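The values are calculated or read from the model by the stated rules, or taken from the named source; none is laboratory data. Given the structure is predicted, the values throughout are model-derived calculations rather than measurements. Cβ: placed from backbone, ideal geometry, glycine included. Neighbour counts: every protein chain shown.
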Amino acid sequence: MFSQRPRLAYIAICALVAAYGCAILFTTNSYYQLMLALVPVWAVMGLAWNLFSGYSGLVSFGHAAFFGIGAYTTTLLFAKAGVTPWIGIPLAAVTGSLAGIIIGAITFRLRGHYFALAMLAYPLAMLYVFEWAGFQEVSLPMKRENAALYMQFSDPRWNALIGLGLLVLALLVSLKVERSRFGMSLLAIKQNEIAAQVAGIDAFRWKLKAIALSGALAGAAGGFYAVILLVVTPNTVFGLATSAQALIVTMFGGVGTLWGPVVGAFLLVPASEILHAELGGKLPGIQGVVFGIAIILVMMKMPQGIAWAVRDRFLPRRGRPAQAVSASAVERLATPFVLPPHAAIMLEAEGICRSFGGVRAVADVSFQVRTQEILGIIGPNGAGKTTLFNVLNGLVTPDRGAIRLSGRDITGLPPSRICALGVGRTFQVARVFARMSLVENVVVGAFVGTATDAEAAERAREALGRVGLGALAEAPAEALTNCELRQLEVARALASRPRLLLMDEPFAGLDAGEVRAFMSLIRTLRDDGLTIVIIEHTMHAMVKLVDRFVVLDHGSVIADGAPQDVVRDRTVITAYLGEKWVPDAVA
Amino acid sequence: MPFSPPGLEAVLQAVATGLLVGSTYGLMCVALGLIFGIMRLINFAQGDFLMLGMYFALAILSGLGLSSLIGSLPALILAALAAVPVFFAIGWLMHLALLGRIGRDRPGMTEGEVHQTQLIMTLGISLVLSNGGLMVFGSTPVSLNTPLASQAVVLDSFGGDILVFLNEARILAAVAALAASCGLYALLHRTDLGKKLRAAADNPLAATYMGIDVARCHRVTFGLGFGLTALAGTMVATYYPFQPYVGLDFIIVMYAGVVLGGLGSIMGSFWGGLVIGLVQQMSTLVLPMQLQGTTVFVVFLLIMLVRPQGLFGRSVERA
Amino acid sequence: MLSLEGVSVRYGGRTALCDVDLDVAEGEFVTIIGPNGAGKTTLMKAISGVVPLASGVVRLAGNDLAPVPASRRPHLGLAHVPEYRQVFANLSVIENLELGAMPLADRARRAENIEHALMLFPVLRERAHQLAGTLSGGQQQMVAIARGLVSSPRVLLLDEPSMGLAPSVVDAIFERIAHVHRETGLTIVLVEQRAVEALELCSRAYVLSTGRVVASGTGRELMRNEDVNRAYLGA
């Protein structure tokens, strides 16, 4: 949907099917036929891991849990109830998915290393439980008659073909996810979960969907694995090695890209199996050693994995279009905008208080913002400006006080809801997906309030046009200058079509000319009907831009008024501007 | 299965064994916690370091025949003392040649990417070590045939009614673990080197401003972590039969202990390991044999979900 | 004592510092002012070696620092008190100071310097065994400055000591800095956003704007300079 080459991936999948199909047909050695069935298992497992961890950035060391549950579902259904794997494998996907939902719902409150380590515990605990329950070694019963009905082909090449089918299915699912708001939302969460939520993305829901889908793929892979090996033991399916394998093929091939796990599995699994077959008798463990060395070398030479390295080497990086200079002078209304004296109140904060560990970051702050007003919130570092912003868009719940948006109480709503109600926000540090196009970067902000991905892409383009980056829509973000990155950040916030825009230090790091250009952009947005609240560290540029200042110091409002009054206010001068301040220099 | 409450003797026996085993776990956890606390690296090769320590003890005692020359206890002590410098050097070189090179010539990599790459690399190292071990040592389980393993000190404090047996090999291991952990504590808190290591962990940039070579600190840390794990290995080898994949038996115990102690709190890891040892032994009183392994995970998960900063941790993980 | 010739620094494609020349004589108190994003902090980092130079030379007492890695520079007498204080939050105040003193080989001198620093900031003595992260912002700034002073540096680099502090605390800290300069004649380079106070303190100042030196002179000269006002105002 958002990618440049949607068709290329389908062609590549067809080519893969053709080539792998031929390889299967012309392989006669039964050991290698088994290997050809194992490669897709680990490729699917890698895709499953990648779908969750690769895109969302939450590293899972526990995908063996889903794999093992899938394997046991298929095996036990077959062995105890005589259910054919043709039904058992889809059911394995269902149980894997359920396990994913349960584990995810419990574990998502942990972050970073904690999440990774907690995931480690699930499959290992299951390992012991299955041993205790008496499933140390469960075999699939042999069905001589109706072999095909029970997926027990005399020619093992059928297994390899079914594996290939499973792989194609997993690839199509991954492709679908990668190219849709699903994948983009996960990437946004990976990059910065807070920013993603502020852009209207319900992080918990997307992560849960991702782990459910990932668990389904891993469960199916596990079910199929049981079918080709004909016997399962807790150690082989729940063991640390299984989780590690999923991670290794993906990391080796390349994280966060469709082809990474496939490349990893297609190189590593055959290499390891062939080494084991040829040398394993004389040198047990040789395949593990070679495997390990290969991983170490890849991590040293191309830490992003083979797929990315190859892509950078052979596919030319998209640059910025030659003639597209973004100096499209933003046109202003002829007459300067004058805020009507009785404009409706857009946002009202009343008695906001918030403490962190006994320190009062924001203490009894009240102010109002009127429709189409530009309000500047200033104050020294640590005055509580950022905390106040975080309260306004729901990242932080106030201890006391209320926030009303057009009269509606929004206190305590989650950030994604507040975004959906029309509050956009930019961050001080512009975070972008460097390799992706500007549209892909901005579209994340457009998912709120759009039903289809095409509509979202449309809004993203429109937002890019509004900030003057329309000509660069397809260029990768890494080609942008610092100032353009700032504009991109604004476009992302505009993509949700907010009524109120909160801007966090938009001028930091810009030179005088860029500041002027940015100020005129902000004025244009206001002229188009937006209400804007800006926090800034310095007062100088702001004096010319805003209609009104709210000055914070030590978490409290010490002044609220028109710029020319605030810069002469004794309290403000003492607390913030300093005794040496010369109001006439700016006013 | 009818449930009968365990007798006092069994409880005391479990506590005593738990404390001994737990102390040894404590040392393993401290070593892992040191690497995590200072380098922010989840080291997957930790179990294999333990395995190398075990085979090192075997080589000294049986391979060199020292246990028949000078007796098994002195030979064991010698092996333990030699393990630390030998594996410190190996760890140092491993970091210099492999882990430390990641990100060095790629300034664009974020800290998180460097750690993730290092983590995968430790998986690679783990594969090489365990499978290399298989090639060199074979898959047959071996054990150190020391008389210690079959001797026990009997505690008889209630006039013969209650007897608690303490295995001598485990006593020796616990004493060594305590000594090494105390030594590490002293190193970290009393010496310039230790303060530099902690400073490098706390704020690498500021440490550079104080003239501290952060990369060198990481090399020292990795070496120390390796050396201490190998030391634990030589000790465990006296009572635990081992093969090249023995690391897997311990790696979860180590992670659980480190999390229990609070990720990043190095000495907290020791208490974490001790608790794991106790829980594991106490569970033998009430749980069927096959489920005893799960107790570690259940405790681990409960701690994670209820108190992710660990039992002894100060605060939530540094961003 | 400290000199920069034609120093440029680039981050990715962006030029953060462009052809900066700067001289600081022994015993001088030099201030660098400029608007947000002018490259002041980058300049400090270039001097202490944590960002690589794209071109140019940094000299300390006549010696080119190019071959000296950042972690060796403190041993040559360069102390950097970084932006945002950057104290070792999980170490005690006294351990912070001990780490600051480690570039000195002589242990007796270390103890003596720490004693001096505690006399300079008596509140730190009361808090000596508290974790530095639990101190207030002003006290953390004192730790950071003391940690720089205890290595007996030849040049002290101070990066925005006023950052995020209440005006009265800033006044106290500036007073201490001035005191150190008066008493010991230490060479100080101060980067500040609060231009007016900084210009009053210093003997000489440079104005940085978008990575270039746009003006230099004594504090008094610069305060009256039109260009400086414009550059500093950033518009």
*Name, by its number, the condition in (1) at positive phi; (2) within 15 Å of the chain's Cα centre (by Cα) that does not hold for C:Gly62.*
(2)
*Search the range A:102-114 for residues being in a helix (DSSP H, G or I) and within 9 Å of chain B (Cβ to nearest Cβ), and hand back the single one that is surrounded by the fewest Cβ atoms within 10 Å (Cβ to Cβ).*
A:Ile106
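Residues are listed down the side, and each one gets a yes or a no for (1) of a type in the set (D, E, K, R); (2) touching a strand residue (DSSP E or B) at 6+ places or on another chain (Cβ under 6 Å):
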| residue | (1), (2) |
| --- | --- |
| C:Leu17 | no, yes |
| C:Ile32 | no, yes |
| C:Leu78 | no, yes |
| C:Glu95 | yes, no |
| C:Gly100 | no, no |
*Select the helices (runs of 4 or more DSSP H) contained entirely in the range B:195-301, then report the ones holding at least 1 residues which are within 14 Å of chain C (Cβ to nearest Cβ), in contact with a Gly (Cβ under 7 Å, 6 or more places away or on another chain) and not charged (D, E, K, R).*
B:214-236, B:266-286
*Would you please name the residue that is nearest to A:Thr28 (Cα to Cα), looking only at residues in the range A:153-188 that are of a type in the set (Ser, Thr, Tyr) and crowded, with 18+ Cβ neighbours inside 10 Å?*
A:Ser174
*For A:Ala99, state whether it is closer than 23 Å to A:Ala244 by Cα, in contact with a strand residue (DSSP E or B) (Cβ under 8 Å, 6 or more places away or on another chain) and not in a loop (DSSP other than H, G, I, E, B).*
no
*If we only count helices (runs of 4 or more DSSP H) wholly inside the range C:121-235, which ones have 3 or more residues that are among the hydrophobic types (A, V, I, L, M, F, W, C), within 14 Å of chain A (Cβ to nearest Cβ) and over 24 Å from C:Gly27 (Cβ atoms)?*
C:226-233
*Please identify the pairs in which a residue from the range C:80-103 that is farther than 17 Å from C:Gln130 by Cα and facing chain B (nearest Cβ under 8 Å) has its Cβ atom under 7 Å from the Cβ atom of a residue that is of a type in the set (Ser, Thr, Tyr) and surrounded by fewer than 24 Cβ atoms within 10 Å (Cβ to Cβ), counting only partners at least 6 apart or on another chain.*
C:His80/C:Ser48
*Could you give every pair whose Cβ atoms fall below 7 Å, whose first residue belongs to the range A:288-301 and is within 7 Å of chain B (Cβ to nearest Cβ), and whose second residue is aromatic (Phe, Trp, Tyr), counting only separations of at least 6 or pairs across chains?*
A:Ile295/A:Phe252
_One residue is enough: does the range A:275-286 have a residue meeting the conditions under 25 Å from A:Ala160 (Cα atoms) and surrounded by 24 or more Cβ atoms within 10 Å (Cβ to Cβ)?_
no
*From the list A:Gly424, A:Gly407, A:Gly412, A:Gly449, which one is under 30 Å from A:Arg354 (Cβ atoms), among the small types (Gly, Ala, Ser) and at pLDDT below 85?*
A:Gly449
*Would you confirm whether any residue within the range B:158-175 is of a type in the set (A, V, I, L, M) and at the interface with another protein chain (Cβ under 8 Å from one of its Cβ atoms)?*
no
*How about the range B:21-102: which helices (runs of 4 or more DSSP H) wholly inside it have at least 1 residues that are in contact with a Ser or Thr (Cβ under 6 Å, 6 or more places away or on another chain) and more than 30 Å from B:Glu113 (Cβ to Cβ)?*
B:46-58, B:72-97
*Wholly within the range A:484-560, which strands (runs of 3 or more DSSP E) include no fewer than the required count, namely at least 1 residues that are away from chain C (no Cβ under 14 Å) and of a type outside the set (A, V, I, L, M, F, W, C)?*
A:531-536, A:548-553
*How many residues, within the range A:349-366, are on the phi > 0 side of the Ramachandran plot and over 32 Å from the mean Cα position of the chain (by Cα)?*
3
*For the range A:26-46, does any single residue satisfy the condition of being in contact (Cβ under 8 Å) with a residue 24 or more places away in the chain, over 30 Å from A:Ala454 (Cβ atoms) and not in a helix (DSSP H, G or I)?*
yes
*Output the residues belonging to the range A:437-453 that are in a loop (DSSP other than H, G, I, E, B) and buried (at least 19 other Cβ atoms within 10 Å of the Cβ).*
A:Phe447, A:Val448, A:Thr450
*Any chance you could count how many residues in the range A:140-149 are out of contact with any helix residue (DSSP H, G or I) (no Cβ under 7 Å at 6 or more places or on another chain) and either modelled with pLDDT of 90 or more or crowded, with 18+ Cβ neighbours inside 10 Å (or both)?*
0
*A:Phe266 vs. criteria surrounded by fewer than 24 Cβ atoms within 10 Å (Cβ to Cβ) and not polar (S, T, N, Q)*: yes
